[in-house]
Amino acid sequence: MDYLLDGFATALRLLAAGDAETFSAVWITLAASGMSIAACLAIGAPLGFLIGYHDFPGRRAVRIAVDTALCFPTVVIGLLVYLLLSRQGPLGDLGLLFTIPGMAVGLTLLGIPIVMAMTALAVEQADARLRLTLLTLGADGRQVLFATLWETRYHLMLAGVAAFGRIVSEVGISMMVGGNIKWHTRTITTAIALETGKGDYALGIALGLVLLAIALLLNLVLAGLRRRAGR
């Protein structure tokens, strides 16, 4: 028990002193997560709108596929992205393997189904009179898209925050695609796994505290968005 207390005390000192190794993992995590969540929203929101708004052949099968992707093992995603980005892979010439953008690619694949599913659900539950009003006013497809997404903006932000929470706490993809390279691709979660295995509990606890702080902030944002979305 004493070593845990000592580790906790050392962790607080590392955070207070701005330890370079600790905050390197934090910034790399935020960089990869930020890039991936931007891509998730840019790709997932329009696709989710199409699924929720339009009735087309195979729509039910698409919804099932998206919902299934929510439970897709992250290690499998990491393996697929690794094979795509490796030298022998079709995207090997891009040189993205073991880089932050490369990790962002894998994390984007993890987050897109979350944004798609939650956006589709929000669009389906939107006021049916909105579409009729827009069409009556002569809105085209692009205007209907942006107007509907604006009306469901709190649900869309909720989807983004939920996807970010899933992405920022991910281990498998970051480990396989990023390689867990110190100062370059080592994230909070991969550093915790590595340092705990080495017996360096102080650094692991320090990074764990940062991750808990991020989780608390995300939950506060989620609670606020849920209240606004429920109005």
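The values are calculated or read from the model by the stated rules, or taken from the named source; none is laboratory data. Please read all numbers here as calculations on a predicted model, not as lab measurements. With ideal geometry, Cβ positions are generated from the backbone for all residues, glycine too; neighbour counts draw on all protein chains shown. What goes into the accessible areas is simple: the full protein's heavy atoms, side chains included, and nothing from ligands, DNA or RNA. Shrake-Rupley method; radii C 1.70, N 1.55, O 1.52, S 1.80 Å.
Of note:
Residues are listed down the side, and each one gets a yes or a no for (1) buried (at least 16 other Cβ atoms within 10 Å of the Cβ); (2) modelled with pLDDT of 80 or more; (3) assigned to a helix (DSSP H, G or I):
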site	(1), (2), (3)
Lys182	no, yes, no
Thr185	yes, yes, no
Ala191	yes, yes, yes
Glu195	yes, yes, yes
Leu203	yes, no, yes
Leu207	yes, yes, yes
Ala213	no, yes, yes
Leu216	no, yes, yes
Leu220	no, yes, yes
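- The sole residue among Leu97, Leu12 that is farther than 27 Å from Leu209 by Cα and out of contact with any Pro (no Cβ under 8 Å at 6 or more places or on another chain) is Leu97.
- Restricting attention to the range 168-179, the residues that are in contact with a helix residue (DSSP H, G or I) (Cβ under 8 Å, 6 or more places away or on another chain), surrounded by fewer than 19 Cβ atoms within 10 Å (Cβ to Cβ) and in a loop (DSSP other than H, G, I, E, B) total 2.
- Conditions (1) buried (at least 18 other Cβ atoms within 10 Å of the Cβ); (2) modelled with pLDDT under 90; (3) more than 23 Å from Leu158 (Cα to Cα); number of the one not met by Leu97: (2)
- Residue count, the range 35-93 (criterion: basic (Lys, Arg), open to solvent by less than 60 Å² (accessible area, probe 1.4 Å) and outside any helix (DSSP H, G or I)): 0
- Selection within the range 112-145 - of a type in the set (Lys, Arg) and touching a Ser or Thr at 6+ places or on another chain (Cβ under 8 Å): Arg131
- Where a residue in the range 81-110 is more than 13 Å from Met176 (Cβ to Cβ) and its partner, wherever it lies, is surrounded by fewer than 18 Cβ atoms within 10 Å (Cβ to Cβ) and hydroxyl-bearing (Ser, Thr, Tyr), with Cβ under 8 Å and at least six apart: Gly92/Ser86
- Residue in the range 115-139 that is modelled with the highest pLDDT, counting only those that are open to solvent by 20 Å² or more (accessible area, probe 1.4 Å) and in contact with a Gly (Cβ under 6 Å, 6 or more places away or on another chain): Met116
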